[in-house]
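Here the structure is laid out as structure tokens; the discussion comes afterwards.
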Amino acid sequence: MSSERLSPWQWREEILAAVAPPRRAERVPLEQARGRVLAAAVRSPEQVPALPIAAMDGFAVRRADLTVPGTTVLPVAAELPARPGEVPDLPPGSAARIMTGAPVPRGADAVVEVEATDSDPFGPAPAVVALALESLPVPGRHVRGAGEEIPLDAPLALAGDRVGAGLVGLARTLGIDALEVLRPLRVAVVVTGDELTADSSSDRLGADPLPGAVRESNGTMLAAALAAGGAHALPPRHSGDDPADLRETLDVAAREADLVLTTGGIGHGAYDVVKLLLGERGAGTSRFAHLALRPGGPQGHGTLRGGVPVVHLPGTPVGALVGYHLFVRPLLDRDGATPRRMLLGGEGDGPRRGPAGTVHAMPGRREVVADGREVVRLVPGRRLAPYGRADAMVLLESEGPDGGAAPGSGELAGAPERSVLVLVL
Ligand SMILES: Nc1nc2c(c(=O)[nH]1)N[C@H]1C(S)=C(S)[C@@H](COP(=O)(O)OP(=O)(O)OC[C@H]3O[C@@H](n4cnc5c(N)ncnc54)[C@H](O)[C@@H]3O)O[C@H]1N2
Ligand code: MOO
């Protein structure tokens, strides 16, 4: 039997290259688009502002009428509040009182702010206004030109961008009432194992607390992780350790989903049904490997009926969770699932035991310290227990046997401030 231990990073690349679930698009009303990922670029169907508008409360003037430096007294020909309606041209030798956002009358080429005049900003429009200026205003002063903010057909956001409040505001400004976004991936989770027992979510499971029975938890856990990643998790399905049962369950799952996940049945045991059915001794449609990863070493991926991709996660809940974050999340959102570097806070836990290059996925909690930097601290505990409070997964690599840092571990070995790779959960 092979004792090959593939690098988890290599495996991740392999999965990303091999598994490409189809992404279809759908149009959703603007009010429901926040947080979704754009399927197409959003371009501006209009220019903003549509007409030149005042950028300040003050007086619209013709620069040619101004005496500078000094005071110019002009009759006030019009009052222009920011309201819809026709705007009269500005007669030569006059000013128009104008409010921020109101269209600038034709003929005017600058707005002088009310602070530079003798006018009471809150009183009625005066009959005349005295403007005191040191120098001639530049053309277009305090005027927002047509299309200055958003030109016609300007790209506002690109395919792949996540919709935020800013884009919602822009879209509303421009009269766009729906956005083209990616449809959430439909993901089916198939949990395997005769020992599993559980609740109403899996109709095939018994509820008797027999010795050796294990309460099924991967289905619900992965559904929660998938929902957090914006996917649509279908109700989990259960298969026993019988290959015919698994074949049938996988066929149903492949018909209803864009991507299938399995848990369990991929170890080295006599009843490891997933591996037996789909591995090299079976259909040969999935590839299995034991990675240099702890926990979560056993992993697999392949293709089901109809070309539907499948990722095989180990059965142990902590192994399934680690495998999900490293190998499934990037299929939903490659950028969001890219580990970042953070300082490891606290006493930490030194480089881990194990062959050089083994990646240890450990639960962590993030914290912003006094100088504004984000640090991550390891949460003590075994297996899944510390994930009750973890909001990060710290990826530490074992130090090589020569005492040097393993590739990818950066400043990990022995440095007082250790930068480590972290996946935010
Ligand atoms: N001889 C060896 N044995 C094992 C190795 C090895 O290298 N050599 N690796 C161990 C590691 S690490 C893991 S992880 C497991 C992977 O095995 P499976 O994927 O086949 O997992 P199962 O045997 O089906 O289950 C393991 C464990 O997890 C419980 N489980 C399974 N599914 C669920 C579920 N849906 N909800 C809750 N708990 C579940 C199951 O009852 C077992 O206790 O292999 C090791 N062995
Ligand atoms: O890789 Mo396993 O998930 O350590 O138990």
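Nothing in this text is a laboratory measurement; each read-out follows from the coordinates by a stated rule. All values derive from a computational prediction rather than experimental measurement. Using ideal geometry, Cβ is built from the backbone for each residue, glycine included, and neighbour counts are taken over all protein chains shown.
Axis angle, to the nearest 10 degrees, between helix 218-228 and the longest C-alpha principal axis of the chain: 20 degrees. One chain, two ends: Ala154 and Arg341. Fully extended at 0.36 nm per residue, the span grows by 63.8 nm beyond their Cα-Cα distance. Averaging the sequence gap over all C-alpha pairs within less than 8 Å and six or more residues apart, then dividing by the number of residues, gives the chain a relative contact order of 15 percent. Oblate is the label for the range 242-344, because the ratio a/c of its alpha-carbon gyration tensor axes (a ≥ b ≥ c) is 1.5 or higher and a/b is not greater than b/c.
Which of rounded, prolate or oblate describes the range 331-393 when judged by the alpha-carbon gyration tensor and an a/c cut-off of 1.5? Judged from the Cα gyration tensor, the range 331-393 comes out rounded (a/c under 1.5). Each label point was placed 7 Å from the Cα along the Cα-to-Cβ direction; for Val128 and Ala283 their separation is 9.3 nm. Subtracting the Cα-Cα distance of Gln32 and His232 from their residue separation scaled by 0.36 nm leaves 70.4 nm. Ordering Val163, Val111 from the fewest to the most neighbouring beta carbons within 10 Å gives Val163, Val111.
Listed from fewest to most Cβ neighbours within 10 Å, the set Thr249, Thr173 follows the order Thr173, Thr249.
Neighbour counts of other Cβ atoms within 10 Å put Leu152, Leu66, Leu343, Leu131 in the fewest-to-most order Leu152, Leu343, Leu66, Leu131. On the basis of the beta-carbon distance and an R0 of 60 Å, Arg5 and Thr173 show a calculated FRET efficiency of 0.65. With R₀ set to 60 Å, the beta-carbon distance separating Ser135 from Ala25 gives a calculated FRET efficiency near 0.65. Model label points for Ala370 and Glu115, set 7 angstrom from Cα along the Cα-to-Cβ axis, are 3.9 nm apart.
List the trypsin sites (Lys or Arg not before Pro) within the range 1-109 that fall in a DSSP loop (any state other than H, G, I, E or B) and whose Cβ has at most 15 other Cβ atoms within 10 Å. Taking the range 1-109 and a limit of 15 other Cβ atoms within 10 Å, the loop trypsin sites (Lys or Arg not before Pro) found are Arg23, Arg24, Arg34, Arg106. For Arg418, the residues whose amide H sits under 5 Å from its own are Leu344, ignoring neighbours fewer than 5 places away on the same chain, with H placed 1.01 Å from N. Note on Arg255 and Asp89: the model spin-label points, each 7 Å out from Cα along the C-beta direction, lie 7.5 nm apart.
Going by amide H atoms built from the backbone, whose H comes under 5 Å of the H on Ala41, apart from near neighbours? Here Ala159 satisfy the definition. Beta bridges assigned by DSSP with both partners in the chain are antiparallel in approximately 70 percent of cases.
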